[in-house]
Amino acid sequence: MSNALSRREVLKGGGMIAVGLVAPKWLSSIAKADVLRQAKGGNPTGDTVLVVCQLSGGNDGLNTVVPYASRAYYKLRPMIGIPENKVLKISAEMGFNPGLTGLAELYHQGKVAVIQNVGYPEPNRSHFKSMEIWQSASPDSKLRYGWIGRHFDEQLSHHSLNPVVALGLSTEQPLALAGQSSSIPCFASLADLRNMIGDPDAERMLRDIQGADAMVGSPTRAVQNASKSALDAVSILQKQLAGYKSQSTYGTDSFGSGFKQIAQLIASSPATRVVYFQAGGFDTHARQVETHQRLLQQFGNAIGTFQKEMEAIGKADKVVTLVFSEFGRRAQENASLGTDHGAAAPMFLVGNSIKGGLHGPIPDLENLKDGDIPHTHDFREVYAATLEKWMGGDPQTVLGNSFSPVDVFKA
């Protein structure tokens, strides 16, 4: 802020200059959204946390949860099928990829629900379009914004929300977090979060703006109050993060780094209810086996370590992780020893509050639809259960229709 820009000049723009020209983008967006909800009162109920883990690129469900007892599986995948003696068996017919030792351990403890054959009608094989469908929960494109953003929009119709009630570990805001009146901050790492306010001089400048003279009830005062609330929340979170030291050892890959930071956020931020995280590399068109197993091993190890850390800090009963990908892969391997874009695939819900086990029928490889596994669960049935049973939301309002929630949460 230039020395020539006086307090009077800061105020005479009706207040928006305070969150537009001289404040960071994250503060501007949160504050502008908060102005829209100034009339709301009360506090949201519940203390549960949802972690959303997005496996970007289209994870191959058949080589993740392997139907090892199916002759059709090995006929369709003579070269890349996982040999039965390497499968981590979880039933008489199904088992995990050998890389998923961390997830298998949690499964045998009853902490993993595998929802099989999840998809939606008339699946789209475009990465961009299918991810848009999953994140908006709107295959017909009738609903605007993201499903999590709409959830917090609905919450805002009843309560004021802490500015860090939801956070994204992402360089750009995923569509899932976009709302009409809610605003969810995203950052690539916790180091970026620490830089969101800037150095002490920058923070003092921002706080001077919030303390500038304004009439009670004026637009300027509303903006000041809103941006001060956002600034305070992030400043507090920074201090809380600095005071937390993880006792767990994570990998240095994207999954290890991601879940380590998610654990720090959950341990340090009592107000946060959703953390969204994504990791890529799952578009395995060629030489799939080794790459896919390595990614699954990184994921399995990270979520296993994360769950143990949640136990250690007393949060395990309050945290659930939802895992999805934008689509599965074709049932038949291709000539490049990989798989092409497909349709239905398994989703995972992980946590102490989950009814562990296999949910839904075994993939029917004898009756494929256009070379794909047909879906038997709509992904919005999983969202509906998560919204209603875990997030305290209204599934019909958020999803725009009624979907039967899958029975995966403990009472």
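Could you give me the percent of Cα pairs per 5 Å distance bin for segment 247-351, shortest bin first, beginning at zero and ending with the bin that holds the maximum distance?
2, 11, 20, 21, 16, 11, 9, 6, 3, 1, 0
Return GLU172, GLU333, GLU290, GLU132 ranked ascending by Cβ neighbour count within 10 Å, so the fewest neighbours appear first. Walk me through the numbers on the way to the answer.
Values: GLU172 8, GLU333 22, GLU290 11, GLU132 18.
Ranked by crowding around the Cβ, least crowded first: GLU172, GLU290, GLU132, GLU333.
Give me Rg over Rh for segment 290-402, both radii from the alpha carbons and Rh done the Kirkwood way, two decimal places.
1.02
How would PHE409, PHE128, PHE306 line up from fewest to most surrounding beta-carbon atoms within 10 angstrom?
On the way: PHE409 18, PHE128 9, PHE306 27.
So the residues, fewest neighbours to most, are PHE128, PHE409, PHE306.
May I ask for the equivalent-ellipsoid semi-axes of segment 280-334, computed as the square root of five times each C-alpha gyration tensor eigenvalue and listed largest first in whole Å? Could the numbers behind the result be given before it?
Values: eigenvalues 182, 32, 9 Å².
Equivalent ellipsoid semi-axes, largest first: 30, 13, 7 Å.
Roughly how many debye, to the nearest 20, is the charge dipole of segment 243-351 about its Cα centre, given +1 on each Lys and Arg Cβ, -1 on each Asp and Glu Cβ, and no other charges? Walk me through the intermediate numbers first.
Working: 10 positive and 9 negative charges, 62 e Å.
With Lys and Arg at +1 and Asp and Glu at -1, about 300 debye.
Would you order HIS151, HIS127 from fewest to most other beta-carbon atoms within 10 Å of each residue's own beta-carbon?
Numbers: HIS151 31, HIS127 15.
Ordered by Cβ neighbours within 10 Å, fewest first: HIS127, HIS151.
From the phi angles alone, apply the Karplus equation (6.51, -1.76, 1.60; θ = phi - 60°) to segment 157-173 and give each ³J(HN,Hα) in whole Hz, x where the residue is Gly or Pro.
Once θ is set to phi - 60°, the couplings for segment 157-173 become 6, 10, 9, 7, 10, 4, x, 10, 5, 9, 9, x, 8, 7, 5, 10, 5 Hz.
Mind grabbing the base-10 log of I(q)/I(0) for segment 353-410 at q = 0.18, 0.29 Å⁻¹? Debye formula, identical points on the C-alpha positions, no solvent, two decimal places.
Log10 I(q)/I(0), no solvent term: -0.69, -1.12.
Suppose R0 equals 22 Å; then what is the FRET efficiency for ASP192 and THR249 from their Cβ-Cβ distance, rounded to the nearest 0.05? Working shown, then result.
Numbers: r = 23 Å, r/R0 = 1.05.
Computed FRET efficiency for ASP192 and THR249 comes out at 0.40.
Listed here are the pairs LYS260/LYS315; LYS75/LYS369; LYS315/LYS410; LYS142/LYS389; LYS89/LYS410; LYS318/LYS410; which of them are more than 22 Å apart at the Cα? Before the final figure, lay out the partial values.
Numbers: LYS260/LYS315 14 Å; LYS75/LYS369 17 Å; LYS315/LYS410 16 Å; LYS142/LYS389 25 Å; LYS89/LYS410 24 Å; LYS318/LYS410 12 Å.
Over 22 Å apart, Cα to Cα: LYS142/LYS389; LYS89/LYS410.
As a test of understanding, state the convex hull volume per residue of segment 103-162 from its alpha carbons, in Å³. List each step's numbers first, then the result.
Values: hull volume 10.0 nm³, N = 60.
Cα-based convex hull of segment 103-162, divided per residue, equals 166 Å³.
Bear in mind these aren't lab numbers, they're just calculated from the coordinates by the rules spelled out. These numbers come from a predicted model, not from an experiment. With ideal geometry, Cβ positions are generated from the backbone for all residues, glycine too; neighbour counts draw on all protein chains shown.
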